[in-house]
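The values are calculated or read from the model by the stated rules, or taken from the named source; none is laboratory data. Note that this is a predicted model, so its numbers are computed, not measured. Positions of Cβ are backbone-derived with ideal geometry, glycine not excepted, and every protein chain shown enters the neighbour counts. SASA here: full protein model, heavy atoms, side chains in, ligands and nucleic acids out. Shrake-Rupley method; radii C 1.70, N 1.55, O 1.52, S 1.80 Å.
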Amino acid sequence: MTQPEDLFKNLISHAKEYGFIFQSSEIYDGLSAVYDYGQNGALLKNNIRQYWWQSMVQLHENIVGIDAAIFMHPTTWKASGHVDAFSDPLIDNKDSKKRYRADVLIEEHVAKIEGKIEKEVEKAAKRFENFDEKMFRSTNARVLEYQKKIDDINARFKNALEKNDLAEVKQIIVDCEIVCPVSGSKNWTDVRQFNLMFSTQLGSVSEEASTIYLRPETAQGIFVNFLNVQKTGRMKIPFGIAQTGKAFRNEIVARQFIFRMREFEQMEMQFFIRPGTQKEWYDKWKETRLSWHKALGISEKKYRFHDHIKLAHYADAACDIEFEFPFGFKELEGIHSRSDFDLKQHEQFSGRKQQYFDPELNQSYIPYVIETSIGLDRMFLAIMASSLKEEKLEDGSERVVLSLPPQLAPIKAAIFPLVKKDGLPEIAEKIINDLKFDYNVTYDEKDTVGKRYRRQDAIGTPYCITVDHESLTDHCVTIRDRDTMKQERVAIDKLKSIIEQKVSLTSLLKKIA
RNA sequence: GCGGAAGUAGCUCAAUUGGUAGAGCUCCAGCCUUCCAAGCUGGAGGUUGCGGGUUCGAGACCCGUCUUCCGCUCCA
């Protein structure tokens, strides 16, 4: 039995060997957690994106798609909370290897001292009958000493944050003799700022330039265009806006192949609804999204829902669709009931109303939002991981086959002349010229036909079509199925409709419509 | 970021205590003309991740660095 670890390694080398995924800038030793899609990977990725896009925009009359810019006004990220949430000062304890937010450590320390004051107050209250708490707090030597400590720390901390002086933040931790709750040691690293957003300069003159960020998520491009789309598209609630695109996060730890990358692509849809209806729409979209996955025919056991117990401040319900990757169940897609948080924030920061007039209720409101957000690269990985198989055949030999959903396969059919003479290549070429307008097809005449079959198996091509000597007279060819390895003799002019049945996205979309 | 393991041809891997960098598959040209990777001939492909050091001599030993995988950590 192959170990999951080996499976994962096989997957990575298979992805490279057959032109699906290369490490970025490999000739310069690579760039950490950045990957390029190769000739087959790009096709597979496009097909996944197209399946998603059509399932959203084409199958739903009330969902439209946009393509927002990666650069956005810097205030966008203040409104969304990313500027604050994505830039914590962090510190590690060298003994316990635990990482903490430096500000939290200091705040906890302050809270501890406050606790001591409360204890003094309690003790005194028991001792004296006519206890004047206010008087005690303002005169008792010990309390005053504690209070001075607190004020000093807070003042220093505030000052350090304002100056962005991380050395001073560390010094505060050292001076306060704060210990690691786990190891109890004071062996700290320096404080470092991890801003998860990539920043760059807008404008060519650096002094006048303002800092802008590469978007850490695509969602905000939809929220800031909410009214544009609603008005110009004459959209009525409930309606959705879909988008696919790159997002960027400067992850501290980015690993596990393309699972967590610094540059990644999201496919997401924000569905705007009437407040109070979020529960029903949340359930509806959970179901809709799962059926999108199921239609691909990947084992249903590999999927599961994981409900968030601890919710983000804006959400009133959230769950992930998790997929069983070679390294365990991990998040593939998120479905979040985001309430009116985002639009409300943008209304506040921009000073522009972000409201919808509901003619049925005859009133205006900020819509609630249900979000579905899936990582395209993760979907790619999920499909690759569940498709790559080593099969033992009846005759004892083995074959490596990538049993991709046929509709997503990079190449739909390969056409071979059984031998490369006697006019067979010419017939093969004619078939290709006929099919290439509808499908991505390929030609191969090298090596034995069996070898050519296996080559196509390795990249997941659903059909191989072989031209033989009989084809010259009967105008038929054999068509060989990737999964069953069965061959069938069919008329050349029937090829298009046979392939169509198996590989068109339509068949997939019909399953979920 | 910490700890562990690893990096040799496109892929999978060899190379005795430090002593001429090799094989299989792949790829290319040709022969053969074959329906499930297996025939024949020839060929290409490498500053052993990169940079230093020790040595008469380094793929191997030492230091640094980059990258990857695993665990911890982190994660809207």
Revision key, fill the gap. To the nearest 20 debye, segment A:460-501 has a Cα-centred charge dipole, built from +1 on Lys and Arg Cβ and -1 on Asp and Glu Cβ, of 120 debye
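Only Lys, Arg, Asp and Glu count, each charged at its Cβ (+1, +1, -1, -1), so figure out the dipole size of segment A:397-509 about its Cα centre, rounded to 20 debye.
Roughly 320 debye for segment A:397-509.
So if I place +1 on the C-beta of Lys and Arg and -1 on the C-beta of Asp and Glu, and nothing else carries charge, what would the dipole magnitude of chain A be about its Cα centre? I want it in debye, nearest 20. Present the calculation step by step, with values, prior to reporting the outcome.
Values: 74 positive and 78 negative charges, 99 e Å.
Taking the Cα centre of chain A as origin, the dipole is about 480 debye.
What number in nm² do you get for segment A:397-509 if you take the convex hull of its Cα atoms and divide its surface by four? Can you show the working numbers first?
Numbers: hull surface 26.6 nm².
Reported value for the Cα convex hull: 6.7 nm².
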Review point. Is it possible to state the helix-based mean residue ellipticity at 222 nm for chain A, with each DSSP H run of 4+ residues giving -39500 (n - 2.57), the sum divided by total residues, to the nearest 500 deg cm²/dmol? What is it?
Key: -12000 deg cm²/dmol
Review point. Which ³J(HN,Hα) values, rounded to whole Hz and listed in residue order, are derived for segment A:480-492 from phi using the Karplus coefficients 6.51, -1.76 and 1.60 in 6.51 cos²θ - 1.76 cosθ + 1.60 with θ = phi - 60°, glycine and proline given as x?
Key: 10, 8, 4, 7, 8, 6, 7, 10, 9, 9, 9, 5, 4
Check your understanding: Given the protein chains as shown and a 1.4 Å probe, how many square angstrom of A:Glu324 are accessible, to the nearest 10?
Key -> 80 Å²
**Study point:** Net lengthening on full extension, A:Val104/A:Asp438 (0.36 nm per residue, minus Cα-Cα)
**Key:** 114.3 nm
Practice item. Hey, for a label at A:Leu7 modelled as a point 7 Å past Cα toward Cβ, could you say which residues of segment A:256-284 have their backbone N under 20 Å away? Key: A:256-260
Practice item. Identify the residues of segment A:252-273 with backbone N under 16 Å of a label point that sits 7 angstrom from the Cα of A:Ile27 along the Cα-to-Cβ direction, or state none. Key: none
Practice item. For the pairs A:Lys116/A:Lys170; A:Lys279/A:Lys302; A:Lys116/A:Lys149; A:Lys284/A:Lys510, note any where the Cα-Cα span goes beyond 21 Å. Key: A:Lys116/A:Lys170; A:Lys279/A:Lys302
Practice item. Have a look at the DSSP beta bridges in segment A:397-509 and tell me what percent are antiparallel, nearest 5. Key: 55 percent
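Report the local net charge at A:Lys392: Lys and Arg +1, Asp and Glu -1, summed over other residues whose C-beta lies under 13 Å from its C-beta.
Details: positive: A:Lys389, A:Arg399; negative: A:Glu390, A:Glu391, A:Glu394, A:Asp395, A:Glu398.
Net charge in that neighbourhood comes out at -3.
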Check your understanding: Within straight cross-link reach of A:Lys231, meaning Cα distance under 18 Å, which aspartates and glutamates are found once same-chain residues fewer than 8 apart are removed?
Key -> A:Glu61, A:Asp67, A:Glu347, A:Asp358, A:Glu360
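Taking the Cβ-Cβ separation of A:Ile512 and A:Asp36 as r and a Förster radius of 35 Å, what is the calculated FRET efficiency to the nearest 0.05? Before the final figure, lay out the partial values.
On the way: r = 31 Å, r/R0 = 0.89.
With R0 = 35 Å, the Cβ-Cβ based efficiency is 0.65.
Extension gain A:Glu390-A:Arg352, at 0.36 nm per residue separation less the Cα-Cα distance, in nm?
Working: separation 38, 0.36 × 38 = 13.68 nm, distance 5.82 nm.
7.9 nm is the gain from fully extending A:Glu390 to A:Arg352.
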Review point. Among A:Ala33, A:Pro74, A:Leu418, which residue has its Cα positioned farthest towards the positive end of the charge dipole of chain A, with +1 placed on the Cβ of Lys and Arg, -1 on the Cβ of Asp and Glu, and the dipole taken about the Cα centre?
Key: A:Pro74
Practice item. For A:Lys149, tell me the accessible area in Å² from a 1.4 Å probe, rounded to the nearest 10. Key: 100 Å²
Point to revise | Whole-Hz ³J(HN,Hα) from phi, Karplus 6.51 cos²θ - 1.76 cosθ + 1.60, for segment A:365-372, glycine and proline x | key: 7, 7, x, 7, 10, 10, 10, 10
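Working with all protein chains in place, sort A:Phe437, A:Phe329, A:Phe157 by solvent-accessible area computed with a 1.4 Å probe, largest first.
Values: A:Phe437 165, A:Phe329 60, A:Phe157 20 Å².
Descending accessible area places them as A:Phe437, A:Phe329, A:Phe157.
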Study note, to complete from the structure: For A:Ala318, other-chain or 5+-apart residues with amide H closer than 5 Å (H placed, Pro excluded) are A:His308, A:Ser337
Practice item. Using +1 at the Cβ of each Lys and Arg and -1 at the Cβ of each Asp and Glu in chain A, identify which of A:Leu44, A:Ser291, A:Ile113 lies farthest towards the dipole's positive end. Key: A:Ile113
Revision key, fill the gap. Of the listed pairs A:Lys286/A:Lys511; A:Lys436/A:Lys494; A:Lys45/A:Lys496; A:Lys78/A:Lys148; A:Lys286/A:Lys389, those with alpha carbons more than 22 Å apart are A:Lys45/A:Lys496; A:Lys78/A:Lys148; A:Lys286/A:Lys389
Revision key, fill the gap. Once the dipole of chain A is set up from charges on Cβ (+1 Lys and Arg, -1 Asp and Glu), the residue from the list A:Gln220, A:Ile335, A:Leu90 lying farthest towards its positive end is A:Ile335
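Of the accessible area of chain A, with the probe set at 1.4 angstrom, what percent is carbon plus sulfur? List each step's numbers first, then the result.
Values: 13380 of 27090 Å².
Roughly 49 percent of what the probe reaches on chain A is carbon or sulfur.
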Review point. In a solvent-free Debye calculation with one equal scatterer on each Cα, what is log10 I(q)/I(0) for segment A:341-462 at q = 0.18 Å⁻¹, listed in the order of the q values?
Key: -1.03
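What does the convex hull of the alpha-carbon atoms of chain A project to on average, in nm²?
35.5 nm²
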Study note, to complete from the structure: Expected vector for segment A:411-421, Karplus 3J(HN,Hα) from phi with 6.51, -1.76, 1.60 and θ = phi - 60°, integer Hz, x for Gly and Pro, equals 10, 8, 8, 10, 10, 10, x, 4, 10, 9, 7
Practice item. For every other residue with a beta carbon closer than 15 angstrom to the beta carbon of A:Ala491, add +1 if it is Lys or Arg and -1 if Asp or Glu, then tell me the sum. Key: -3
